[in-house]
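Data block below; observations after.
The values are calculated or read from the model by the stated rules, or taken from the named source; none is laboratory data. As the structure is a prediction and not an experimental result, all values here were calculated from the model. Reconstructed Cβ throughout: ideal geometry from the backbone, glycine too, with neighbour counts over all protein chains shown.
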Amino acid sequence: MRITQYQVDAFAERPFQGNPAAVCFFETWPEDRLLKAIAGENNLSETAFLVPAEEGYELRWFTPVAEVDLCGHATMAAAYVLFRLRGYSGERISFFTRSGELTVRKNEGLLAMDFPADPPRPCDPPEALLRGLGRRPSEVLAAEDYVAVYNSESAVRSLSPDRAALCELNLRGVVATAPGEDCDLVSRFFAPKLGVAEDPVTGSAHCELTPYWADRLGRATLEARQVSERGGWLRCRLNGDRVELWGSAVLFLEGEIELDTHSG
């Protein structure tokens with residue numbers, strides 16, 4: 001069995017920026033154990049797997065240790081591959097996922113993804129969160145992840161989390177965020193219990209951040225930067241109960257996975 005695989009840097013303007021994701025195509029779904037094995041072997045924060053559907057593609061995402069409900073950067077990577085490398089001629093692609101139908105369209109030289117908003121709500125901070133971050137935030141909210149709000153970009157940049165403590169949390173991960181010095185907001189994302197110590201750029205986290213910052217700043221369109229070591233830029237727009245995330249992507253490599261029929 002030969003499986004074509006691409007590796008794309010999403011939310012990046014050139015290689016070695018943004019968030020790398022692998023993208024693999026199948027004609028029909030193989031057993032989950034093969035998908036998990038490929039994602040574990042890739043050891044990237046996400047591998048996207050696609051199968052053709054009647055009006056688009058079925059799409060699933062796997063970290064090195066688990067399948068997840070939503071992933072922004074791997075969705076962008078999949079759309080980039082379809083538009084740029086596999087001859088998709090339409091202006092908009094529909095992906096059918098565990099989070100419903102997601103669309104990606106071309107817009108002003110960027111890729112614009114339409115995702116469900118996930119507004120976070122204030123909550124009492126768990127002890128493991130405070131211990132894991134090592135620096136008390138000014139505010140803590142919760143949605144798919146805990147959202148820890150700080151007063152300055154420097155506070156977010158200086159965090160050095162205790163991964164073991166964050167693994168005790170009941171939610172997917174932790175988004176640390178603050179006002180940006182040269183943009184509207186900055187963030188970092190940690191999900192060690194999913195095998196992702198720190199995600200370079202996290203589209204799904206901005207489904208939580210966009211409603212919060214749009215309300216706080218009083219405008220729907222925001223410029224965001226994830227200040228991980230690799231870093232990445234996003235434009236975010238709140239549209240009712242949806243969030244549109246804009247960004248660019250670049251190809252890093254294209255190759256083939258070669259497996260015997262008993263692999264996975």
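Of note:
- Region 1-38 - residue that is among the hydrophobic types (A, V, I, L, M, F, W, C) and under 15 Å from the mean Cα position of the chain (by Cα) and, of those, nearest to residue 74 (Cα to Cα): 21
- Count of residues meeting criterion [in a loop (DSSP other than H, G, I, E, B), surrounded by fewer than 20 Cβ atoms within 10 Å (Cβ to Cβ) and touching a residue at least 60 places away in the same chain (Cβ under 8 Å)] in region 139-172: 1
- Hey, residue 53 in contact (Cβ under 8 Å) with a residue 24 or more places away in the chain, surrounded by 15 or more Cβ atoms within 10 Å (Cβ to Cβ) and either of a type in the set (A, V, I, L, M) or over 20 Å from residue 198 (Cβ atoms) (or both) or not: no
- Residue satisfying all of: in region 224-264; touching a Leu at 6+ places or on another chain (Cβ under 7 Å) and within 21 Å of residue 99 (Cβ to Cβ); surrounded by the most Cβ atoms within 10 Å (Cβ to Cβ) among these: 234
- With respect to the stated conditions, residue 6 fails to be more than 24 Å from residue 236 (Cα to Cα), in contact with a Leu (Cβ under 8 Å, 6 or more places away or on another chain) and outside any strand (DSSP E or B).
- Residues of region 173-187 classified as farther than 16 Å from residue 236 by Cβ and either buried (at least 19 other Cβ atoms within 10 Å of the Cβ) or within 19 Å of the chain's Cα centre (by Cα) (or both), total: 3
- Among the candidates 78, 48, residue that is under 23 Å from residue 173 (Cα atoms) and small (Gly, Ala, Ser): 48
Residues checked against (1) at pLDDT below 95; (2) among the acidic types (Asp, Glu):
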site: 54; (1), (2): yes, yes
site: 58; (1), (2): no, yes
site: 62; (1), (2): no, no
site: 66; (1), (2): yes, no
site: 93; (1), (2): no, no
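- In region 15-36, residue farthest from residue 231 (Cα to Cα) [restricted to those that are of a type in the set (A, V, I, L, M, F, W, C) and surrounded by fewer than 16 Cβ atoms within 10 Å (Cβ to Cβ)]: 29
- With respect to the stated conditions, residue 221 is surrounded by fewer than 24 Cβ atoms within 10 Å (Cβ to Cβ), closer than 19 Å to residue 119 by Cα and in contact (Cβ under 8 Å) with a residue 12 or more places away in the chain.
- Here the condition is being in contact (Cβ under 8 Å) with a residue 40 or more places away in the chain and of a type in the set (D, E, K, R); of 188, 98, 136, 131, it holds for 188 alone.
Here is a yes/no grid of residues against (1) more than 20 Å from residue 191 (Cβ to Cβ); (2) of a type in the set (A, V, I, L, M); (3) touching a Gly at 6+ places or on another chain (Cβ under 6 Å):
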{"position": "70", "(1), (2), (3)": "no, yes, no"}
{"position": "82", "(1), (2), (3)": "yes, yes, no"}
{"position": "90", "(1), (2), (3)": "yes, no, no"}
{"position": "97", "(1), (2), (3)": "no, no, no"}
